[in-house]
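Heads up: the structure comes next, in structure tokens.
Here, each number is a calculation from the coordinates, and none is a lab measurement. All of these numbers come straight from a predicted model, not from anything done at the bench. Cβ: placed from backbone, ideal geometry, glycine included. Neighbour counts: every protein chain shown.
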């Protein structure tokens, strides 16, 4: 193997390792939106750093969430028909970002418990 090919291989391995390590520094949470607080249609835009910008009917809540680095905001069970699950969202944020102010954002009319998902390892 030539020196140039070896350098390219090392760069590729380093890039994948960095992506893997970055993806391991986040945590998933389930959030349940209170009754009577419809988010409407949620539009997501992926920024260059892979975080999301959210647009929804409740602009105050969208602005509140957009101030945080969010990597995922979606319905975790879109094919299941349930009035309860229609209000549940899966959110993925970095470990260092506090979920507490999202959970306890009473001034926005949103408050439900978090459920931390365990990380599966091989």
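How would 46, 88 line up from fewest to most surrounding beta-carbon atoms within 10 angstrom? Don't skip to the end; give the middle numbers.
Numbers: 46 10, 88 17.
Ranking 46, 88 by Cβ neighbours within 10 Å, fewest first, gives 46, 88.
In nanometres, what is the gap between the two model label sites at residue 42 and residue 67, each 7 Å from Cα along Cα-to-Cβ?
If labels sit at residue 42 and residue 67, their model points lie 1.9 nm apart.
Quick one: P(r) of region 31-104 from all Cα-Cα pairs, 10 Å bins, percents rounded to integers, in order of increasing distance.
Histogramming region 31-104 at 10 Å steps yields 18, 55, 26, 2 percent.
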